[in-house]
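S.K.: Attaching a single structure in structure tokens format; questions to follow.
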Amino acid sequence: MPILEKLVQPGEARHWTDSIPLEYHYTAGVAGEEFRRELRDNGRFLVSKCSKCKSTYIPARMYCPSCFIEMKDQFPIDKPGYVYSFTSVNRDRSGAETDSPITVGLVKFEGVKGGLVHFLDVDPDQVSIGMKVMPSLKNQSERTGDITDIRAFKPVSTASSRMTAEGGKVEKGDVEAGENPARLLLRSIEESGYPIEEDEMTISSLRGKISSGELLTREEDRLLHRLGDKAREWRKAVKSSSETEPGDTLSG
């Protein structure tokens, strides 16, 4: 029947049942392939940096989502990441129950936008927001350039430490009966109600380091005390405002 011929009777239409084989491939893109190659060959994460806004992104990408310009500056990082968020599940990807909970987290890196979602090799009761982690990789001979080349992210250190009150120095050793001064100061900041949106990444990093008993550097100690001063000023301002009687304020 010619293709332009019009059917007069519906019964004249013919059909047959069959299947059409289709093949398709998903690609990681130019920058994605470079990211995977760096992971496979050198066991490091490749990031891209925008020459205009100076933002750095992980995984590496070709264009800056803010400036819409091509990012040609790429370099690997091998510093620890930190747990930004996490969840634990009792089923695998197929829906079958697992023998033990599986913990998955969003791992971010200080000063880098974006992140990686992957398994966390840590007890669900021990994981915390801000915990510093490093990737546990397959042997180089086993790596293929897939995200599964990362077995999981593991905590950097679980060693205990204590901070002395003198000069904010930190020394290795067992935690004393009194609570860590850094932990007390951090708790004071969090309970003050001080808005930490601008310092959220810094707070998360310090929280993870303190909770896992890692050593604070001198600069981190100064930063923690600086945030503590801001929190105290915030608490005073809130208290002063709440104690002000309506009659003490000017109308209008």
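S.K.: Within segment 97-122, which residues are among the acidic types (D, E) and touching a Ser or Thr at 6+ places or on another chain (Cβ under 8 Å)?
M.R.: Within segment 97-122, E110, D121 meet the criteria.
S.K.: Could you tell me whether any residue of segment 1-24 is loosely packed, with under 13 Cβ neighbours inside 10 Å and modelled with pLDDT of 90 or more?
M.R.: no
S.K.: What number goes with the only condition from (1) modelled with pLDDT of 75 or more; (2) open to solvent by 70 Å² or more (accessible area, probe 1.4 Å) that E200 does not pass?
M.R.: Unmet condition: (1).
S.K.: Further question: For the subset of segment 130-180 comprising residues that are of a type in the set (D, E) and at pLDDT 90 or above, which member is most open to solvent (accessible area, probe 1.4 Å)?
M.R.: For segment 130-180, the residue satisfying everything is E142.
S.K.: Pull out all pairs, ordered by first then second residue, where Cβ-Cβ is under 6 Å, the residues are six or more apart or on different chains, the first lies in segment 198-226 and is closer than 24 Å to F86 by Cβ, and the second is among the small types (G, A, S) and open to solvent by 50 Å² or more (accessible area, probe 1.4 Å).
M.R.: Short answer, once both residue conditions are applied: G213/S160.
S.K.: Which of (1) in contact with a helix residue (DSSP H, G or I) (Cβ under 8 Å, 6 or more places away or on another chain); (2) surrounded by 15 or more Cβ atoms within 10 Å (Cβ to Cβ); (3) within 28 Å of K209 (Cβ to Cβ) is the odd one out, the single condition G105 does not satisfy?
M.R.: For G105, the failing item is (1).
S.K.: Considering only segment 1-38, state which residues are closer than 30 Å to C64 by Cβ and either in contact with a Gly (Cβ under 7 Å, 6 or more places away or on another chain) or assigned to a loop (DSSP other than H, G, I, E, B) (or both).
M.R.: Correct list: Y24, H25, Y26, T27, A28, R36, R37.
S.K.: In segment 26-68, which residues are under 13 Å from L116 (Cβ atoms) and open to solvent by 40 Å² or more (accessible area, probe 1.4 Å)?
M.R.: R36, R44, P59 - these are the residues of segment 26-68 that are under 13 Å from L116 (Cβ atoms) and open to solvent by 40 Å² or more (accessible area, probe 1.4 Å).
S.K.: Could you run through segment 112-138 and say how many residues are farther than 21 Å from G32 by Cβ and touching a residue at least 60 places away in the same chain (Cβ under 8 Å)?
M.R.: Qualifying residue count for the region: 5.
S.K.: Right, another one. With the requirement that a residue be assigned to a loop (DSSP other than H, G, I, E, B) and either touching a residue at least 24 places away in the same chain (Cβ under 8 Å) or surrounded by 17 or more Cβ atoms within 10 Å (Cβ to Cβ) (or both), what does segment 72-95 give you?
M.R.: D78, K79, P80
The values are calculated or read from the model by the stated rules, or taken from the named source; none is laboratory data. Nothing here was measured: the structure is a model prediction, and the numbers come from that model. For neighbour counting, all protein chains shown are included, and Cβ atoms are generated from backbone atoms with ideal geometry for every residue, glycine included. Accessible surface areas use protein heavy atoms only, side chains included; no ligands, DNA or RNA. Shrake-Rupley method; radii C 1.70, N 1.55, O 1.52, S 1.80 Å.
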